[in-house]
Protein chains: 2
Amino acid sequence: MYALDQAMSEQDATGFVVFGSSENANTRYLTRFTTTDPVVFFKKAGETATIIVSQMEAERALRESSARVMTRADAGLFEILADEPDRWKATARMIAGQAGTTLLVPSDFPFLLAHELQAFARVIPDRGTIESMRAVKTADEISLITSVQGVTDRAMEHAVNLIRRSKIKSGILYRGTVPLTSEFIRTSMERIFMAHGCHSQDTIVSCGRDTAYPHIRGEGPLSANEPIVIDVFPKSIESGYFSDMTRTVLKGEATPEIMDMYKTVKDAQAYAAGMIRPGITGDELHHSVVRYFNERGYPCNKEGFIHNLGHGVGLEVHELPSLGPGGGILAEGNVITNEPGLYLPGIGGVRLENTGVVTGNGFGCLTHYEEELII
Amino acid sequence: MYALDQAMSEQDATGFVVFGSSENANTRYLTRFTTTDPVVFFKKAGETATIIVSQMEAERALRESSARVMTRADAGLFEILADEPDRWKATARMIAGQAGTTLLVPSDFPFLLAHELQAFARVIPDRGTIESMRAVKTADEISLITSVQGVTDRAMEHAVNLIRRSKIKSGILYRGTVPLTSEFIRTSMERIFMAHGCHSQDTIVSCGRDTAYPHIRGEGPLSANEPIVIDVFPKSIESGYFSDMTRTVLKGEATPEIMDMYKTVKDAQAYAAGMIRPGITGDELHHSVVRYFNERGYPCNKEGFIHNLGHGVGLEVHELPSLGPGGGILAEGNVITNEPGLYLPGIGGVRLENTGVVTGNGFGCLTHYEEELII
């Protein structure tokens with residue numbers, strides 16, 4: 001919370017205010033309280049952080065949150081609503097009454113609430129203070145992500161084994177008498193996540209030409225002799241922390257093009273892993289891999305390597321730091337992905353993604369499952 | 001989309017702009033595109049809606065979204081980034097270049113982006129246009145919610161049967177040789193949801209004194225002779241639509257207090273269902289139930305009936321219309337919950353919740369599972 005005080009002091013702010021449900025990562029991070037309905041979090045300079053919840057949530061907030069708990073009644077909302085029936089205006093007046101007249105709010109603070117607050121206070125958009133706090137993980141947070149990644153390795157192994165054990169008939173992979181599909185692999189993985197208190201959504205299991213488009217999810221029967229990209233980013237339901245992992249596999253015979261793409265991506269990943277350390281920028285890492293691919297004969301524009309090298313992982317699957325153009329300096333405790341990929345329309349795509357921690361002198365990879373194309 | 005044009009015309013706006021990932025219900029509703037990373041949606045008055053996505057998402061956006069698709073490159077982002085490295089400022093300039101100089105944005109539009117847009121355009125907070133569009137469901141949306149509710153009825157039946165078939169030993173419910181726990185019921189329900197492409201989170205399975213606090217989730221072994229509240233609000237992973245349902249059950253013998261609370265809540269629910277129709281306000285429905293409980297001898301303040309009678313259900317589990325103080329006029333096509341409850345600390349709580357459609361002349365309940373306290 002020291003970073004909030006520092007940001008307030010730099011802007012002469014009286015308070016830092018956050019508004020949202022725990023779906024909002026900034027709110028969840030600061031309140032350590034999970035809720036469907038929005039809560040107000042505020043911190044006055046040098047004082048204890050407070051959350052304002054409904055009467056109904058107060059009991060649970062006292063048990064779960066590390067912040068001081070106030071009900072909306074304590075904060076005077078119902079008196080305010082008596083002469084200001086508009087909910088947004090009344091909430092703004094309640095917040096200003098508690099947090100003062102110069103307020104810092106995060107980038108994703110709701111515009112209408114900021115607009116109504118401007119009747120009572122100067123509202124200053126904060127530029128990334130909470131997001132920067134979130135980027136440097138504590139040992140507890142690293143342990144939570146490690147545990148999600150452990151489950152992810154198991155789910156990936158299960159998915160790859162389904163492909164490995166399939167039988168090829170007329171170029172299609174079969175599980176017994178039925179084609180092995182993207183959907184079946186996705187559901188099988190989700191079953192494993194669920195059994196371990198995690199939830200995965202939008203898992204990619206794409207095959208063949210679809211793999212040239214990194215965000216196509218994939219559907220239907222899987223083919224032999226074609227790359228299959230499996231990209232999964234589950235979240236622990238209890239803690240809210242994500243992990244993120246991708247493997248590319250192929251059952252049957254790979255073309256020389258795919259073989260070369262795979263080897264190049266794997267080498268690029270090892271090359272990037274060797275460079276990761278505190279002090280290097282995400283921009284530098286990304287552009288080093290761009291140059292690496294260029295030197296190996298691959299473009300990095302509308303095809304080839306067309307996405308960022310990586311991103312932070314935490315309460316959001318994509319958070320700071322960015323390992324891409326403009327990406328800032330890495331620090332010890334960042335949890336990031338290292339995920340080079342190559343995509344050639346008409347030929348296919350390859351991506352390999354590990355999640356790991358920036359340690360004192362390198363990259364502590366949390367992803368352990370093997371990288372082998374031909375299975 | 002006509003409502004957006006109307007809102008723009010009332011404010012002399014040149015464009016309506018939304019920014020977010022599909023986690024944001026307004027974005028998902030307008031774009032019909034699912035994505036982890038934020039996209040820009042804009043609509044100029046009288047023109048076709050457009051989404052701006054990354055190059056990587058373009059292929060999938062063309063397949064999935066009903067809007068016109070532009071890439072960030074098409075929208076000039078990379079030229080702008082060349083002399084404006086700040087991502088928020090550059091995005092603001094890109095948006096203003098496309099959508100014009102007077103922009104309406106939804107209440108939850110990110111404040112920092114609105115702030116940066118103000119360098120190029122007048123930014124006006126819209127007051128609920130998209131939220132009001134979302135409140136009136138199409139036949140397709142009702143069918144999607146009906147299908148989630150169908151799964152929810154099955155999961156609830158399964159949960160209640162686990163309790164029904166348990167054995168009582170020393171006041172605790174047993175499943176074979178182990179105590180039947182909240183956690184086991186939650187996981188069993190989630191298994192059913194998962195098998196039907198749904199996902200439930202924060203399901204409440206509370207027992208005994210905990211039931212007096214409507215948002216306590218519950219944990220550990222369940223007791224005989226005590227109310228057990230099961231409140232579940234799963235979402236279809238494919239469509240994003242929710243349903244919402246609560247039952248209260250008891251294995252063994254109920255005290256007269258709990259028996260009376262149950263009967264009163266059930267009667268209040270039927271009373272409310274009989275009043276629901278287009279034209280009545282959510283405020284009127286809620287206060288009618290408050291009066292109903294008061295007349296039956298129950299308070300409605302810090303204990304008794306301490307929450308709203310209901311809320312809209314759709315891409316968010318809580319959306320418009322509100323069936324609570326200040327709640328507006330109901331319209332045909334609203335999908336709402338009807339969920340009276342009574343909570344007495346030290347004694348316990350009872351809640352019954354159905355989801356249904358406001359029809360031309362009443363309430364078309366989508367929840368079919370029985371309401372019986374003693375099982």
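Summary of computed values
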item: Any chance B:GLN118 is more than 25 Å from A:GLU316 (Cβ to Cβ), within 12 Å of another protein chain (Cβ to nearest Cβ) and without any contact (Cβ under 8 Å) to a residue 40 or more places away in the chain; result: yes
item: Extreme residue, farthest from A:GLU190 (Cα to Cα), among residues of segment B:194-222 that are among the hydroxyl-bearing types (Ser, Thr, Tyr) and more than 8 Å from chain A (Cβ to nearest Cβ); result: B:THR211
item: Residue among A:ALA3, A:ALA82 that alone is out of contact with any Leu (no Cβ under 9 Å at 6 or more places or on another chain), more than 24 Å from A:GLY128 (Cα to Cα) and open to solvent by 10 Å² or more (accessible area, probe 1.4 Å); result: A:ALA82
item: Of all residues in segment B:65-80 being over 18 Å from B:THR36 (Cβ atoms) and either of a type in the set (D, E, K, R) or at the interface with chain A (Cβ under 10 Å from one of its Cβ atoms) (or both), the one that is nearest to the chain's Cα centre (by Cα); result: B:ARG68
item: Enumeration of residues in segment B:27-64 that are touching a strand residue (DSSP E or B) at 6+ places or on another chain (Cβ under 6 Å), more than 11 Å from every other protein chain (Cβ to nearest Cβ) and either under 26 Å from A:GLY341 (Cα atoms) or assigned to a helix (DSSP H, G or I) (or both); result: B:THR27, B:LEU30, B:THR31, B:VAL39, B:VAL40, B:ILE51, B:ILE52
item: Meets criteria (touching a Gly at 6+ places or on another chain (Cβ under 9 Å), open to solvent by less than 40 Å² (accessible area, probe 1.4 Å) and outside the structural domain of A:MET194 (by TED's automatic domain parsing)) for A:THR91; result: no
item: Hits in segment A:14-26 - residues which are within 14 Å of chain B (Cβ to nearest Cβ) and of a type in the set (Gly, Ala, Ser); result: A:GLY20, A:SER21, A:SER22, A:ALA25
item: Complete set of residues in segment B:96-112 that are more than 26 Å from the chain's Cα centre (by Cα) and in a helix (DSSP H, G or I); result: B:ALA96, B:GLY97, B:GLN98, B:ALA99, B:LEU112
item: Selection status of A:ILE172, closer than 20 Å to A:SER21 by Cα and open to solvent by less than 70 Å² (accessible area, probe 1.4 Å); result: no
item: Residues within segment A:46-79 that are open to solvent by 60 Å² or more (accessible area, probe 1.4 Å) and farther than 24 Å from B:ASP283 by Cα, tallied; result: 9
item: In segment B:224-243, residue farthest from the chain's Cα centre (by Cα) [restricted to those that are more than 16 Å from B:VAL160 (Cβ to Cβ) and surrounded by fewer than 23 Cβ atoms within 10 Å (Cβ to Cβ)]; result: B:ASN225
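This table checks each residue for (1) more than 25 Å from A:LYS89 (Cα to Cα); (2) open to solvent by 20 Å² or more (accessible area, probe 1.4 Å); (3) at pLDDT 95 or above.
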residue	(1), (2), (3)
B:PRO125	no, no, yes
B:THR129	no, yes, yes
B:SER132	no, yes, yes
B:ILE142	yes, yes, yes
B:THR146	yes, yes, yes
B:ALA155	yes, no, yes
B:ASN161	yes, yes, yes
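The values are calculated or read from the model by the stated rules, or taken from the named source; none is laboratory data. Values in this document were obtained by computation on a predicted structure and should not be read as measured data. For neighbour counting, all protein chains shown are included, and Cβ atoms are generated from backbone atoms with ideal geometry for every residue, glycine included. In case anyone asks, the SASA skips ligands and DNA or RNA and just uses the protein heavy atoms, side chains included. Shrake-Rupley method; radii C 1.70, N 1.55, O 1.52, S 1.80 Å.
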